[in-house]
1. Where residues in region 50-68 are surrounded by fewer than 18 Cβ atoms within 10 Å (Cβ to Cβ) and within 16 Å of the ligand (Cβ to nearest atom), which of them is nearest to Thr107 (Cα to Cα)?
2. Which one of the conditions (1) more than 13 Å from the ligand (Cβ to nearest atom); (2) outside any loop (DSSP other than H, G, I, E, B); (3) under 24 Å from Tyr11 (Cα atoms) does Tyr77 fail to meet, given that it meets all the rest?
3. I'd like the residue in region 69-91 that is of a type in the set (A, V, I, L, M, F, W, C) and under 15 Å from Met105 (Cβ atoms) and, out of all such residues, is surrounded by the most Cβ atoms within 10 Å (Cβ to Cβ).
4. Since Val25 meets every condition but one in (1) of a type outside the set (Asp, Glu); (2) modelled with pLDDT of 90 or more; (3) in contact with a helix residue (DSSP H, G or I) (Cβ under 7 Å, 6 or more places away or on another chain), which condition does it not meet?
5. List the pairs whose first member sits in region 115-132 and is within 16 Å of the ligand (Cβ to nearest atom), whose second member is assigned to a loop (DSSP other than H, G, I, E, B), and whose Cβ atoms are under 6 Å apart, counting only residues at least 6 apart or on separate chains?
Amino acid sequence: MGIRTSFYIDYPMFLSAAPCDNVSVSGDMYSLVHSNRIKAVIDRKIEYIDATNFRIFACRNCLTHLTSTNEIISRNYRCESGKAFLMNNITNIIEDLSNCELRSMITGEYLVCDIYCHFCRTTLGWKYLKADSKDQAFKEGKFIIDLKKITLTT
Ligand SMILES: [Zn+2]
């Protein structure tokens, strides 16, 4: 029995509308924190976190936290057993890099490796390591998760 080190996914923190206004800064530093570039980053972060839809996905077998609704890139994917999501990030998994393989899919060939729940070793889906065509390169480093293997939790 190995050591179980799980990361638990927290409800997202919210930035206030003007997070820099309470900080007493002067000169160049002040113009930096109030520059449009910084503001754009903050605005994007607020947009990215969707409070009304934030739910945690856990392994259906052992309820280890895996990912959240904020990490969904697309709901429009399929795997052998049915519906799947393309996810930006997943925690508490094992990437089986020693068994990576080329797989032919509808959109082309990909170098992928399967991913497992790190606690119960259930196969959850796969990770795209390399895409054959350039227009599919956005999937590289992203994950497919089988909806039959996960459950929503709080
Ligand atoms: Zn599990």
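1. Here is the first cut: in region 50-68, the ones surrounded by fewer than 18 Cβ atoms within 10 Å (Cβ to Cβ) are 50-55, 61-63.
Retained after the next criterion (residues that are within 16 Å of the ligand (Cβ to nearest atom)): 61-63.
Details: Asn61: 31, Cys62: 33, Leu63: 32 Å.
Checked region 50-68; the qualifying residue nearest to Thr107 (Cα to Cα) is Asn61.
2. Checking Tyr77 against (1) more than 13 Å from the ligand (Cβ to nearest atom); (2) outside any loop (DSSP other than H, G, I, E, B); (3) under 24 Å from Tyr11 (Cα atoms), the one that fails is (3).
3. Ala84
4. Among (1) of a type outside the set (Asp, Glu); (2) modelled with pLDDT of 90 or more; (3) in contact with a helix residue (DSSP H, G or I) (Cβ under 7 Å, 6 or more places away or on another chain), Val25 violates only (2).
5. Cys117/Thr64; His118/Asn92; Phe119/Arg4; Phe119/Cys62; Phe119/Thr64; Cys120/Asn61; Cys120/Cys62; Thr122/Asn61
The values are calculated or read from the model by the stated rules, or taken from the named source; none is laboratory data. In this text, all values refer to a predicted model and were calculated from it rather than measured experimentally. Counting neighbours? That spans all protein chains shown, and the Cβs are built from the backbone with ideal geometry, glycine included.
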